[in-house]
Amino acid sequence: MSEQQLSYPKEKINILLLENINPKAVEQFNAAGYENVELLKKALQDEELIDKLQGVHILGIRSKTQVTKEVLEKADKLLAVGCFCIGTNQVDLDTAAELGITVFNSPYSNTRSVAELVIAEAIMLIRRIPERNHAAHLGKWMKDNQRSYELRGKTIGIVGYGHIGSQVSVLAESLGLNVIYYDIEPKLPLGNADPVKEIETLFEQSDIVTLHVPQTEETKDMVTAQLLQKIKKDAVFINLSRGNVVDLEALKELLESGHIKGAAIDVFPEEPRSNYDPFVSPLQKLPNVILTPHIGGSTIEAQINIGFDVSNKLINLLDNGSTVGSHSVPELNLPVQKDTTRLLHIHKNRTGVLSAINKVFSKYKVNIAGQYLKTNESIGYVVIDFQGDQSSELLQELRNIEHTIRARFLY
């Protein structure tokens, strides 16, 4: 923000990025004038993370760092957490909201990467490449066409027709696949895709079943042994969504019996915290299974896009107070007001708070040039642009209003 003088100078903002976040994020922060950026390759946990967060205003993480209630409560300066990945389940969002800490992620930046991997694995599995590859490494020559097919003319069933599921749909149809999908919410089809009303129907009709659902209470253990029994004979099964969705022991039985021809699994109920920790799964050593270490979105392009996306959301918060994409503080897309002072006030969503704020401004005879308010079920976020100098007395009275979580001048 070249036209405005930030109340807290950019050179005093401390940014900590963990887990080898793409350097594009650092470039974006530096280009915006934020030079105090520390980039670490590893995740931090518990007391080590708490110690490192002292004096830090912005934290950037990927999926391995767990930002717990204790971590958030002991972070003395923290304004925001940027999750440089598609999920936010590694952050205690309830506590972040209670403390007025904004949490961002990048839910769509790796959509293409995941979708391409689904198609690649579908081709490999339907051609039985994993088994032939395994045999070749053992010195066996499996040159035959038994149970090997083209994708063209087969049916792919997509469970979860969101951004990734619908992208898989487009790519699949371009390869000649018939597309059906199941979603708990009505979704308009892309191309010639057809919705089905029951997930059981999708399992019964699909040559390829691929999962693209979020981690919720509804999706936990969604694919049961009973549901897997309904899958079409010789079908292949792909899960690049969440690790707690599928009964892996039941899947193993159907793979070993040959009912399911092959599977590709990228996510697991329990995953190692680092590349140095052991990985264990009931599907290991099965020749008709592709196991990958949660790399569905791990392409250079995806990580560049995520680095760009999340860093820009954080910069907009720092420069402007905008919270578009937030999972904790209500979303506000704010214009830039020239020749004004901007106040940010986060509070519990209780009756009378906005009235109390306006009374304080009235008391100091301040002219309000713009006022923006957004609430959710628990938190309110109001941004006020006013004409006049920043006053420590005014700010203190605003902070003393009942139910205030935090209040500060931005510029």
Exercise. Which residues, counting only those in segment 172-218, are in contact (Cβ under 8 Å) with a residue 40 or more places away in the chain, assigned to a strand (DSSP E or B) and over 25 Å from the mean Cα position of the chain (by Cα)?
Worked result: Ile208
Exercise. Can you find a residue in segment 317-328 that is among the charged types (D, E, K, R), touching a residue at least 12 places away in the same chain (Cβ under 8 Å), part of a helix (DSSP H, G or I) and crowded, with 16+ Cβ neighbours inside 10 Å?
Worked result: yes
For this session: Report yes if Gln54 is more than 30 Å from Pro269 (Cα to Cα) and either surrounded by fewer than 16 Cβ atoms within 10 Å (Cβ to Cβ) or under 20 Å from the mean Cα position of the chain (by Cα) (or both), otherwise no.
Result: yes
Exercise. If you take the residues of segment 58-88 that are out of contact with any strand residue (DSSP E or B) (no Cβ under 8 Å at 6 or more places or on another chain) and farther than 17 Å from Gln45 by Cβ, which of them is least open to solvent (accessible area, probe 1.4 Å)?
Worked result: Gly87
Exercise. When you look at Asp247, is it modelled with pLDDT of 95 or more, of a type in the set (Asp, Glu) and farther than 17 Å from Ile158 by Cα, yes or no?
Worked result: yes
For this session: List every residue pair whose Cβ atoms lie under 6 Å apart, where the two residues are 6 or more positions apart in sequence or sit on different chains, the first residue falls within segment 242-257 and is under 15 Å from Thr210 (Cα atoms), and the second residue, located anywhere, is open to solvent by 10 Å² or more (accessible area, probe 1.4 Å) and in a helix (DSSP H, G or I).
Result: Asp247/Ala225
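The values are calculated or read from the model by the stated rules, or taken from the named source; none is laboratory data. These numbers were taken from a predicted model, which means no experiment stands behind them. Positions of Cβ are generated from backbone atoms using ideal geometry, with glycine treated the same way; all protein chains shown enter the neighbour counts. Heads up: the accessible areas ignore ligands, DNA and RNA and are worked out on the full protein's heavy atoms, side chains in. Shrake-Rupley method; radii C 1.70, N 1.55, O 1.52, S 1.80 Å.
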